[in-house]
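Trainee: Could you have a look at this structure, given as structure tokens, before my questions?
The values are calculated or read from the model by the stated rules, or taken from the named source; none is laboratory data. This one's a predicted model, so the numbers in the text were calculated from it and none came from an experiment. For neighbour counting, all protein chains shown are included, and Cβ atoms are generated from backbone atoms with ideal geometry for every residue, glycine included.
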Amino acid sequence: MVTLSDTGAYYVDDQLIFDNEEGKAALKAAGIAPEKAREEGRKKTIAWSILESHNTSGNMEALKIKFDALASHDITYVGIVQTARASGLKEFPIPYVLTNCHNSLCAVGGTINEDDHMFGLSAAKKYGGIYVPAHQAVIHMYMREMMSGCGKMILGSDSHTRYGALGTMAIGEGGPELVKQLLGRTYDVSCPGVVAVYLTGKPAPGVGPQDVALAIIGAVFKNGYVKNKVLEFIGSGVGNLSAEYRCGIDVMTTETTCLSSIWTTDEKIESYFAIHGRKEAYQPLAPQKGAYYDGVVSVDLSTVKPMIALPFHPSNTYEIEELNANLEDILAKVEQDARKQLDIPDLDFSLRDKIKDGKLVVDQGVIAGCAGGTYDNVCDAADILDGYSIGSDAFSLSVYPSSQPVMVALTENGALTKLMQAGATIRTAFCGPCFGAGDVPANGGLSIRHSTRNFPNREGSKPGNGQIASVALMDARSIAATARNGGILTPATEWDIHYTKPAYQFHQEIYAHRVYNGYGKPQPEAALRFGPNIADWPEMPPLPEHLLLKTASFITDPVTTTDELIPSGETSSYRSNPMKLAEFTLSRKDPAYVEAAKEVQVYEKLREKGQPSLPTEGPSLEALQEVPNCQAVHGEDIGIGSLVYARKPGDGSAREQAASCQRVLGGWANIAQEYATKRYRSNLINWGMLPFLLEEPVFEKYDYIFVPKIRQAVIDKQDAIQAYAFTKQGLQEMTLKLGALTEDEREIILSGCLINYYRNQAQ
């Protein structure tokens, strides 16, 4: 179904030539000199051509990218605008789309969600942006429909910013990276490797884009095969997929931990742009003869079967047929792994209790968002349920079309009528089911969803409070088949369905009548509209000469998600208020963290007032001065704060608040074996935090770490930093690594955060 190459490969006449001895002969036969094939071949990928056209550094090994457009939603744009405003923002220099698809509902906090929306509209007017009101479209559907274009690059403050199927290289990052673009700066990254996703064959009826995506994720996530690389989709199988099918696979590439994605384009993509009134956005994209790829993910589409990703990760994948044949064994293993991951000893968690008469019975189905709520997915789901009932018991089905234009088209062709007659409920465009703010099942519930993630509490439960529900990811077609079967887990290939495939008609007037488009027309005199929850960032000091850090959290899970670092769901309403949001930091993983960080932050605030004092439970000044070469250390030069240790933090969302919340609580660093994503490491740096690396810790929770002369080490571009842990076993020396930092990243860390960095430059 999915295989991974152990060598690189060349693409010649729609065939792969692998980079080995046998391949050299094939290259010669194709008229390509093997001696220079790899060096020249790297320049022949689609990805290289797009990156080169957007790079401003003149050096393709060290990219400085300027994007064509930006996108944010209502959980992130307030903080981004506030950061940019504090850094000297005058107007948006490129199209910046502010969508309202996350805090669309008044979930908590009274008026604060709509206050954020009014702030967004006022920012679009003042700085010249594009404002998409709530319920009009989820962020990525609007960007596909209205902003994508072949050869373009788009940066979004949401991890699923992916429009590669439409010829657009898109990247999801934390908010500070968008701030840099708003201030005319660049996105700095080493030139990424490119991995081919070589598609052949044609999917069987009933097999949807989520099935293909989950098959790929299951093959590449755990081994890091594509981490921080660009996925380039090529091969004859691409032409057998509709534009929306491709988009459905593409949006899920985020879960592979790749940096971005790009696809070959053809007449189906040309037709997509024509339907959406943007013929000029199309151009053919294809790799040149001899394009070289650092690896190959080969996918025979005809062999892909309906898939399911069991709790609690999109890579925990099985064929539905395999799961149904081995329910007890597979679910027992999932339960065991989940208990380790959740680490809540008294939590009552079970999946095997869903087995009834030898079959898995689920409680809820949801088809939603940028992955599930597309026109093709909903039409096929409606065909499966046409004339049937989902039943009148506990099982429920909700469908969220991804935009108002999609909803109108589904209304016109009767798909929504079929679904409602079957018992499904239809909702507006909303991302809530993807992050835990919509359709929360009952405690102990199992929800199958065509959405993007199934981390713990992504469905809105609170495991730390004894509430636990689970999400399994599936394709819309198998969700509809399960609904038709009364909630019994069923692959869509179970029945021979006539899929009607009605043509799509895009109603552009919906956006024309409702979306505020102020790009290129800023109104500097316009005032920003603030609500009582919208707060400025607190002052953050520059990096001091030395650091004394309390290990406020110590996490040994194999991977720590951004959901665990700062929960989603109802906390999202507080993302406009840094200090209020910070109260939720690690609340579902390490509830003691916030108080531990605050306790030590008190001493840093005293130091900043000129009243240096070390924590009473930590090492004394004399003890610090006994550290090698630290005799001259003085209290006023020792920054005091907290750090988080985790083996591999940052998997999942692009949300900058996973780092900024630590920072506003006095965090100065993370220590990790590795960082799950580039974007999380970038978030740490942009908020002035040191992204230390360490193979194995020699310290424990609440131990103090002394990092002497850290400021000079950053100035001197040292990678290896000597640090000292004060432990129960005595003083333990260790070597922390910083990894590669750009000049700007060093200056940001020295300044204390991105805001300070820009403020310093303006002086």
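Trainee: Give me a count of the residues in segment 117-130 that are in contact (Cβ under 8 Å) with a residue 60 or more places away in the chain, under 25 Å from the mean Cα position of the chain (by Cα) and crowded, with 24+ Cβ neighbours inside 10 Å.
Mentor: Of the residues in segment 117-130, 3 are in contact (Cβ under 8 Å) with a residue 60 or more places away in the chain, under 25 Å from the mean Cα position of the chain (by Cα) and crowded, with 24+ Cβ neighbours inside 10 Å.
Trainee: Is segment 358-374 home to any residue that is crowded, with 24+ Cβ neighbours inside 10 Å and of a type in the set (Ser, Thr, Tyr)?
Mentor: Yes: segment 358-374 contains one or more residues that are crowded, with 24+ Cβ neighbours inside 10 Å and of a type in the set (Ser, Thr, Tyr).
Trainee: Hey, another quick one. State which residue is surrounded by the fewest Cβ atoms within 10 Å (Cβ to Cβ) when the search covers only segment 6-47 and only residues that are under 24 Å from Ser190 (Cα atoms) and in contact with a Leu (Cβ under 7 Å, 6 or more places away or on another chain). Walk me through how you get there before you give the answer.
Mentor: Just the residues of segment 6-47 that are under 24 Å from Ser190 (Cα atoms), to begin with: 6-11, 19, 36-47.
Now narrow it down to the ones that are in contact with a Leu (Cβ under 7 Å, 6 or more places away or on another chain): 9-10, 37, 46.
Values: Ala9: 24, Tyr10: 26, Ala37: 22, Ile46: 26.
By that ranking, first place goes to Ala37.
Trainee: Please go through segment 386-403 and give me each residue that is surrounded by fewer than 23 Cβ atoms within 10 Å (Cβ to Cβ) and over 19 Å from Ala472 (Cα atoms), ordered by number. Outline the logic, then answer.
Mentor: Going residue by residue through segment 386-403, those that are surrounded by fewer than 23 Cβ atoms within 10 Å (Cβ to Cβ) are 386-396, 398.
Scanning segment 386-403 gives Asp386, Gly387, Tyr388, Ser389, Gly391, Ser392, Asp393.
Trainee: Any residue that is of a type in the set (Phe, Trp, Tyr) and either under 27 Å from Thr161 (Cα atoms) or in contact with a Lys or Arg (Cβ under 7 Å, 6 or more places away or on another chain) (or both) - is there at least one of those in segment 668-686? Show your work before the answer.
Mentor: Narrowing segment 668-686 to residues of a type in the set (Phe, Trp, Tyr): 668, 675, 680.
From what is left, the residues that are either under 27 Å from Thr161 (Cα atoms) or in contact with a Lys or Arg (Cβ under 7 Å, 6 or more places away or on another chain) (or both) are 675, 680.
For segment 668-686, residues of a type in the set (Phe, Trp, Tyr) and either under 27 Å from Thr161 (Cα atoms) or in contact with a Lys or Arg (Cβ under 7 Å, 6 or more places away or on another chain) (or both): present.
Trainee: Which of the residues that make up segment 495-546 are surrounded by 14 or more Cβ atoms within 10 Å (Cβ to Cβ), more than 30 Å from Arg759 (Cβ to Cβ) and touching a Ser or Thr at 6+ places or on another chain (Cβ under 9 Å)?
Mentor: Ile510, Tyr511, listed by residue number.
Trainee: Just to be sure before I move on: is Ser53 in contact (Cβ under 8 Å) with a residue 60 or more places away in the chain and either over 23 Å from Ala286 (Cα atoms) or assigned by TED's automatic domain parsing to the domain that holds Pro284 (or both) in the structure I sent? Spell out how you get there, then give the answer.
Mentor: On the way: in contact (Cβ under 8 Å) with a residue 60 or more places away in the chain: yes; either over 23 Å from Ala286 (Cα atoms) or assigned by TED's automatic domain parsing to the domain that holds Pro284 (or both): no.
For Ser53, the condition - in contact (Cβ under 8 Å) with a residue 60 or more places away in the chain and either over 23 Å from Ala286 (Cα atoms) or assigned by TED's automatic domain parsing to the domain that holds Pro284 (or both) - is not met.
Trainee: Checking Tyr593 against (1) in contact with a strand residue (DSSP E or B) (Cβ under 6 Å, 6 or more places away or on another chain); (2) in contact (Cβ under 8 Å) with a residue 60 or more places away in the chain, which test does it fail?
Mentor: (2)
Trainee: Of the numbered conditions (1) under 29 Å from Asn223 (Cβ atoms); (2) surrounded by fewer than 24 Cβ atoms within 10 Å (Cβ to Cβ), Asn683 fails exactly one; give the number of that condition.
Mentor: Asn683 satisfies all of (1) under 29 Å from Asn223 (Cβ atoms); (2) surrounded by fewer than 24 Cβ atoms within 10 Å (Cβ to Cβ) except (2).
Trainee: Please pick out the residue among Ile50, Ile112, Ile94 that is closer than 20 Å to Ile171 by Cβ and buried (at least 19 other Cβ atoms within 10 Å of the Cβ). Please lay out each step first, then the result.
Mentor: Details: Ile112 fails: closer than 20 Å to Ile171 by Cβ; Ile94 fails: buried (at least 19 other Cβ atoms within 10 Å of the Cβ).
Matching residue, one of Ile50, Ile112, Ile94: Ile50.
Trainee: If Gly466 satisfies every condition in (1) farther than 30 Å from Ser271 by Cβ; (2) touching a strand residue (DSSP E or B) at 6+ places or on another chain (Cβ under 7 Å) but one, which is the exception?
Mentor: (2)
Trainee: Just one of Val334, Val296 is in a strand (DSSP E or B), farther than 22 Å from Ala480 by Cβ and of a type in the set (A, V, I, L, M); which is it?
Mentor: Of Val334, Val296, the one residue that is in a strand (DSSP E or B), farther than 22 Å from Ala480 by Cβ and of a type in the set (A, V, I, L, M) is Val296.
Trainee: Every residue in segment 723-752 that is within 24 Å of Trp687 (Cα to Cα), touching an Asp or Glu at 6+ places or on another chain (Cβ under 7 Å) and among the polar types (S, T, N, Q), please.
Mentor: Thr742
Trainee: Mind checking which strands (runs of 3 or more DSSP E) fall wholly inside segment 146-242 and carry at least 3 residues that are among the β-branched types (Val, Ile, Thr)? Walk me through it before giving the result.
Mentor: Numbers: elements: 153-156, 169-172, 187-190, 194-200, 230-234.
Strands (runs of 3 or more DSSP E) meeting the threshold: 194-200.
Trainee: Moving on to the next point. Look at Leu543 and say whether it is within 23 Å of Ile748 (Cα to Cα) and part of a strand (DSSP E or B). Can you show your working first?
Mentor: Working: within 23 Å of Ile748 (Cα to Cα): yes; part of a strand (DSSP E or B): no.
No.
Trainee: Consider segment 328-355. How many of its residues are surrounded by 18 or more Cβ atoms within 10 Å (Cβ to Cβ) and under 14 Å from Leu489 (Cβ atoms)?
Mentor: Residues that pass the stated criteria total 5.
Quick grid of which residues meet (1) under 21 Å from the mean Cα position of the chain (by Cα); (2) modelled with pLDDT under 95:
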{"site": "Thr45", "(1), (2)": "no, no"}
{"site": "Ala84", "(1), (2)": "no, yes"}
{"site": "Glu91", "(1), (2)": "no, no"}
{"site": "Val97", "(1), (2)": "yes, no"}
{"site": "His102", "(1), (2)": "yes, yes"}
{"site": "Ala107", "(1), (2)": "no, yes"}
{"site": "Glu114", "(1), (2)": "no, yes"}
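Trainee: Scan segment 343-356 and tell me whether some residue there is outside the structural domain of Ala137 (by TED's automatic domain parsing) and under 26 Å from the mean Cα position of the chain (by Cα). Step through it out loud before you land on a result.
Mentor: Here is the first cut: in segment 343-356, the residues outside the structural domain of Ala137 (by TED's automatic domain parsing) are 343-356.
Filter again for under 26 Å from the mean Cα position of the chain (by Cα), leaving 343-344.
The answer is yes, given that some residue of segment 343-356 is outside the structural domain of Ala137 (by TED's automatic domain parsing) and under 26 Å from the mean Cα position of the chain (by Cα).
Trainee: Give me the pairs: first residue in segment 265-280 and surrounded by 15 or more Cβ atoms within 10 Å (Cβ to Cβ), second residue assigned to a loop (DSSP other than H, G, I, E, B) and of a type outside the set (A, V, I, L, M, F, W, C), beta-carbon distance under 6 Å, and six or more apart or on different chains, which are they?
Mentor: Partner pairs satisfying both residue conditions: Thr265/Gly167; Thr265/Pro284; Glu270/Tyr282; Phe273/Tyr282.
Trainee: Kindly provide the set of residues from segment 200-214 that are over 14 Å from Thr452 (Cβ atoms) and either buried (at least 23 other Cβ atoms within 10 Å of the Cβ) or hydrophobic (A, V, I, L, M, F, W, C) (or both), ordered by number. If you could, list the steps in order and put the result at the bottom.
Mentor: Within segment 200-214, the subset over 14 Å from Thr452 (Cβ atoms) is 200-208, 211-212.
Residues satisfying the conditions are Ala204, Gly206, Val207, Gly208, Asp211, Val212.
Trainee: Further question on the same structure: Need a quick list: helices (runs of 4 or more DSSP H) entirely within segment 397-452 having at least 2 residues that are in contact (Cβ under 8 Å) with a residue 60 or more places away in the chain and over 30 Å from Gln467 (Cα atoms). Before you say what the answer is, go through the steps one by one.
Mentor: Working: elements: 404-412, 415-422, 432-435.
In segment 397-452, 404-412, 415-422 are the helices (runs of 4 or more DSSP H) which contain 2 or more residues that are in contact (Cβ under 8 Å) with a residue 60 or more places away in the chain and over 30 Å from Gln467 (Cα atoms).
Matching residues to (1) surrounded by 20 or more Cβ atoms within 10 Å (Cβ to Cβ); (2) free of Cβ contacts under 8 Å to residues at least 40 places away in the same chain; (3) not basic (Lys, Arg):
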{"site": "Leu549", "(1), (2), (3)": "yes, no, yes"}
{"site": "Ser553", "(1), (2), (3)": "yes, no, yes"}
{"site": "Thr571", "(1), (2), (3)": "yes, yes, yes"}
{"site": "Asn577", "(1), (2), (3)": "yes, no, yes"}
{"site": "Gln601", "(1), (2), (3)": "no, no, yes"}
{"site": "Leu624", "(1), (2), (3)": "yes, no, yes"}
{"site": "Val627", "(1), (2), (3)": "no, no, yes"}
